[in-house]
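Report on the structure given below.
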Amino acid sequence: MTVKHLISLLIGALLLAAGSGWAQDLMEQGRAAQKAKNHDQAVALLGQLVKQDPHQTQGWLARAQSLSALGRHEEALEDLSSGLAANPGNSSLLLARAKLLGNLERRPEAIATLNELLARDPANVEALKERAENLINEAEPDKAMADLTRARSLAPKDPWIYHKMGMTELCLNHYGKAVEDFTTAIRLSPATPLFYFSRGELYLRHLHNKARAKADFKKGCTLGHPLCCNELEMLNAGQRPSSKQGK
């Protein structure tokens, strides 16, 4: 008897013993296995959950997450597609599918999935941010900015919207606007080191202001961002060009 077969038998016994609370029990045990980074066990537990009840959207989402953690990305996509077949148009499943496709650099598919989601739920801020991210990577910054402007109107205190706007303005060579957006992101979330890194890189590589870049890298390094620490070390060692020399 294989280990996989044994796990399946044990889960079957669990289902029989659990009664009406079996779904919650399996979900909790699957989450616990995920937390312990035992993703093989999580996949098995959550697989039984969605097999018995394919309308358990959280089960599909969690199982896809564990499959991705194991590097089984195609299987994760299949799970999300199966979840959508049982739960058509579910926003959480569509968003998870789009994010996974984006991470796999299958951006046209990710954008198509997000188009479907936003057609159903045009005020979904996370979907707008995700589509903007993919559009930036597809060299369509104007369309990305339109999505981010819409997202900002819906969630004006979300710092990540401003960070993405800054990255988009950077693609458009609007450096002054990019500084403003990164600065707003920092004001809204001053403990996020990536924001200092992004603004520091802008100061260093495009505005050639080493003093301000150094200040941002120092703050980001203090907050634990390793790339900020690397940039700060190189600046202190004189390994970066001066502002007069350009890039």
So how many residues does the range 130-140 have that are of a type outside the set (D, E) and either surrounded by fewer than 21 Cβ atoms within 10 Å (Cβ to Cβ) or not assigned by TED's automatic domain parsing to the domain that holds P108 (or both)?
-> 2
If we scan the range 167-180, do we find a residue that is surrounded by fewer than 15 Cβ atoms within 10 Å (Cβ to Cβ) and among the polar types (S, T, N, Q)?
-> yes
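To keep it simple, each residue is scored yes or no on (1) farther than 26 Å from L135 by Cβ; (2) surrounded by 15 or more Cβ atoms within 10 Å (Cβ to Cβ).
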site	(1), (2)
V43	yes, yes
D53	yes, no
Q65	no, yes
L70	yes, no
E74	no, no
L93	no, yes
K99	no, yes
Can you spot a residue in the range 160-181 that is under 30 Å from N87 (Cβ atoms) and of a type in the set (D, E, K, R)?
-> yes
Within the set of pairs 6+ apart or on separate chains, which have a first residue in the range 221-247 that is not assigned by TED's automatic domain parsing to the domain that holds F197, a second that is at pLDDT 95 or above and among the charged types (D, E, K, R), and C-beta atoms under 9 Å apart?
-> none
Go through the range 96-208 and tell me which helices (runs of 4 or more DSSP H), entirely inside it, have 1 or more residues that are without any contact (Cβ under 8 Å) to a residue 40 or more places away in the chain and under 27 Å from L235 (Cα atoms).
-> 159-171, 175-188, 193-205
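The values are calculated or read from the model by the stated rules, or taken from the named source; none is laboratory data. Owing to the predicted nature of the structure, the values given are computational and were not obtained by experimental measurement. Glycine gets a Cβ as well: all are built from the backbone with ideal geometry, and neighbour counts include every protein chain shown.
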